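Participant: Sharing a structure here in structure tokens format.
Since every read-out is calculated from the coordinates, none of them should be taken as a lab result. Everything numeric in this text was worked out from a predicted model, so none of it was measured. Glycine also receives a Cβ, built like all others from the backbone with ideal geometry; neighbour counts cover every protein chain displayed.
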Amino acid sequence: MTEKKVSSSGAKKKKNHIKKLSNAELKKIRIAEKILKEGMTSVKDLISPSSFKVNFRNIQIGETYAKTFFIYAYPQYISANWLSPVIDLDAQIDVSLFIYPYESGDIMKQLRKRVTEMHSTINMERERGLARDPSLEAALEDAERLRDQLARGQEKFFQFGLYFTIYADSPENIKKTQTTIQSMLGGKLVLSKPADFQHQHGFESTLPLGIDNLEIYRSINTEPLSSSFPFTSSDMSTGEGILYGINRHNNSLIIFDRFSLENANSVIFAKSGSGKSFAVKLELLRSLMMGSDAIVIDPEDEYQKLSEVVGGTTVKMSLNSTQRINPFDIPNPMRNEILRPGDLLRSSIISMLGLLKLMLKGISPTEEGILDKALIDTYALRGITMDTEDPSEIEPPIMSDLENVLKRMRGGEELSDRLSKFTTGSYSGIFNNQTNIHFDVNFLVFQIRDLEDELRPIAMYTILDFIWNRIRSKLKKRILVIDEAWTMMKHEDSAKFLHGLVKRARKYYLGVTTITQDVEDFLHSVYGKAIITNSSMQLLLKQAPSAADILEKVFHLSKGEKYLLMNSEVGQGIMFAGLEHAAVQIIASYSEEKIITTDPEEILKVQELEDKNMQHIDPLG
């Protein structure tokens, strides 16, 4: 008991040490706090404009003008996503939707009354012998259907207010944007008005505060209400596949698997220096990680470093190279493929005729017949005939064999002389040897930079035929990249061959990527347009104005999308995947960029950084 008293006494002494402030002292402290706060910068000071002036036609916020509109009438029928053109407009716009649930019972009473009135009107007109009124009958049918849906709980009614505030740096630009928006909405029979004399209420209603000060509503049921939600940005992410870039509309990731599309083919149009090679190499690098093989026809030696990093093989096609492809090669038959004797030989002869038209710069129908007979005889000299079961097991002839056959044929002497350029002349060797290239690698690059311009289309045709024959014989997920494809479009036979390859690629689990910077030459060919039609994926990067005009028509681009293409930075453009498309920014990690960049400035930076790192390594380590 004594201890408790002492404890209580001690507590009392501590309390006596706390000084109680008088009202006058408290007032002084509050005044000092107020003075201190007034001298400090608040959040309101940071976000508030320098001035706020309300006019009956607009609001002036600092140097910016704002004007609010509201929707007051909708058509009887409206399509989904009708608000998309306004949201995608290249202007600063705030949109607010206010939705208030409405009692279904009150609407049901009004609908019953309205249905009864329309029935009475129709019956009276029928008794008078008047002609049917289709619009009245349609309105009755709609009202009865809505009444039944409300009764079943399938539909509900709402009061709906839709407002948007536009911003610009001058009243004139406000007027331009206003005219554009009202034209867009008017074309869909959606009518709007400016909130004159109520612009402050309108401005407050479109701020992210959830306050509706305009209170201008329209009764609407669930179905048309759902079409008003402005979810307009294309989400091109499927959760499977590789990262292609960032959606510039909403900053979401663009991730998908091109092999999940209708076909895995792709076309890329871009001017020089816009980042097309960077984008392709990035896709190939990431696709390799997902189990795809890659094959590239490289006209500018841009893919060799990537090939070395991933353990691939680079085949240098040139007059001085020792690596060769024999255009007379016969493909191996596919596993479980049912073939008749002669099928593989016929396919090879047709392919050779296309190649010879390129090599000989055109042939007459008579000469084509001579070459066809000469090719059959040339293969027969090696024991390959239309009766051979599996000609792929026999070593095929070479170009000089065909030349010798033509020399002995009536009418073949001139063709033999023209062909000698590729057997014993200045272009000898490159197409006149047996194939010594191994195809079974995960990354294969055919480099044709050192070939003369005249030989490039011939080499590309030969390489593509070689690739196609190997792809058909072994089914595997592969991507084939054809850079500077416009060179093949200049010749009908090579353009036709490329189109056939693109058209049949899906059957063999192949995705063909066709790249070109010469839009006009590529699309001038009927096969160029067909290649685009047979490509489910398209990437349009920065374009010159003349090319943008052509692409606008081909891809049905809006004016805003065309403007975006002409003003894009490196690595920016528009990506199409099936029915979806979005503005894209191609991005790479630092490690990826070191591998794939072709920018000389970036390469020098990487080399300097590597040299510095080497200097800091202790040689005695």
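Participant: In nm, to one decimal, how far is the modelled label at residue 46 from the one at residue 477, with both set 7 Å along Cα→Cβ?
Facilitator: Reported label-point gap for residue 46 and residue 477 is 4.8 nm.
Participant: Another question, if that's okay. Just to confirm my numbers, what's the Cα centroid distance between segment 46-90 and segment 520-563 in Å?
Facilitator: When both Cα centres are located, 34 Å separates them.
Participant: For a footprinting-style exposure proxy, rank 148, 521, 401 by other Cβ within 10 Å, fewest first.
Facilitator: Fewest to most other Cβ atoms nearby, the residues stand as 148, 521, 401.
Participant: Counting only helical runs of four or more DSSP H residues, what would the 222 nm mean residue ellipticity of the chain come to if each run contributes -39,500 (n - 2.57) and the total is spread over all its residues?
Facilitator: -13500 deg cm²/dmol
Participant: While we're here: Round to the nearest 0.05 the FRET efficiency obtained for residue 252 and residue 433 when R0 = 45 Å and r is the Cβ-Cβ distance.
Facilitator: 0.30
Participant: Further question: Consider the candidate values (1) 18, 47, 27, 7, 1, 0; (2) 16, 37, 26, 17, 3, 0; (3) 14, 31, 25, 19, 8, 2, 0; state which one is P(r) over Cα pairs in 20 Å bins from 0, in percent computed from the structure displayed.
Facilitator: Here P(r) over Cα pairs in 20 Å bins from 0, in percent agrees with entry (3).
Participant: Additional query: Taking the alpha-carbon centroid of each part, what is the distance from segment 321-400 to segment 448-493 in angstrom?
Facilitator: Between the Cα centre of segment 321-400 and that of segment 448-493, the gap is 18 Å.
Participant: Report the full-extension gain for the segment residue 207 to residue 97: residue separation times 0.36 nm, less the Cα-Cα distance, to one decimal in nm. Don't skip to the answer; put the middle values down first.
Facilitator: Details: separation 110, 0.36 × 110 = 39.60 nm, distance 1.12 nm.
Extra length from residue 207 to residue 97 when fully extended: 38.5 nm.
Participant: Report the gain in length on full extension from residue 452 to residue 392: 0.36 nm times residue separation, minus Cα-Cα distance, nm rounded to one decimal.
Facilitator: Roughly 18.5 nm would be gained on extension.
Participant: Contour minus end-to-end for residue 141 and residue 57, with contour as 0.36 nm per residue of separation and end-to-end as the Cα-Cα distance?
Facilitator: Separation in residues times 0.36 nm, less the Cα-Cα distance, equals 26.0 nm.
Participant: What is the spin-label model distance, in nm, from residue 587 to residue 218 if the labels are put 7 Å beyond Cα along the C-beta direction?
Facilitator: Using points 7 Å along Cα→Cβ, the separation is 3.8 nm.
Participant: Kindly list the residues of segment 479-503 that lie in the label zone of residue 310, defined by a backbone N under 18 Å from the point 7 Å along the Cα-to-C-beta vector.
Facilitator: Backbone N within reach: 479-484.
Participant: Given R₀ = 22 Å, FRET efficiency for residue 381-residue 353 by Cβ-Cβ distance, to 0.05?
Facilitator: Plugging the Cβ-Cβ distance into 1/(1 + (r/R0)^6) gives 0.75.
Participant: Then there's this: Using modelled backbone amide H atoms (1.01 Å from N, in-plane), which distant-in-sequence or interchain residues come within less than 5 Å of residue 92's amide H?
Facilitator: Counting only residues 5 or more places away or on other chains, the set is 167.
Participant: Now for a different question. Whole-Hz Karplus ³J(HN,Hα) for segment 440-448, in order, using 6.51 cos²θ - 1.76 cosθ + 1.60 and θ = phi - 60°, x for Gly and Pro?
Facilitator: Along segment 440-448, the couplings run 7, 10, 7, 9, 10, 10, 9, 9, 10 Hz.
Participant: Also, quick follow-up: In segment 150-171, whose amide N lies under 12 Å from the spot 7 Å out along Cα-to-Cβ of residue 559? List them in ranges.
Facilitator: Flagged as within label range: none.
Participant: With 26 Å as the limit, write out which pairs from 316/474; 276/605; 193/562; 476/503 have Cα-Cα distances beyond it, or answer none.
Facilitator: Over 26 Å apart, Cα to Cα: 193/562.
Participant: Label residue 521 and residue 108 with points 7 Å out from Cα along Cα→Cβ: what is the distance between them in nm?
Facilitator: Taking the two extended label points, one gets 7.3 nm.
Participant: Taking H as built 1.01 Å from N, whose amide H comes closer than 5 Å to the amide H of residue 513, not counting residues under 5 places away?
Facilitator: 266, 480, 481, 482
Participant: Whole-Hz ³J(HN,Hα) for each residue in segment 208-215, computed from phi via Karplus 6.51 cos²θ - 1.76 cosθ + 1.60 with θ = phi - 60°, x for glycine and proline: what do you get?
Facilitator: Working through the residues one at a time gives x, 10, x, 10, 9, 9, 7, 6 Hz.
Participant: Right, here's the next one. Label segment 293-386 by shape, choosing from rounded, prolate and oblate, from the square roots a ≥ b ≥ c of the eigenvalues of the Cα gyration tensor; if a/c is under 1.5 it is rounded, and otherwise prolate applies when a/b is larger than b/c, oblate when it is not.
Facilitator: It comes out oblate by the Cα gyration axes.
Participant: Ok, one more. Output the relative contact order of segment 52-226, whole-number percent, from Cα pairs under 8 angstrom with separation of 6+ residues.
Facilitator: Computed value for segment 52-226: 42 percent relative contact order.
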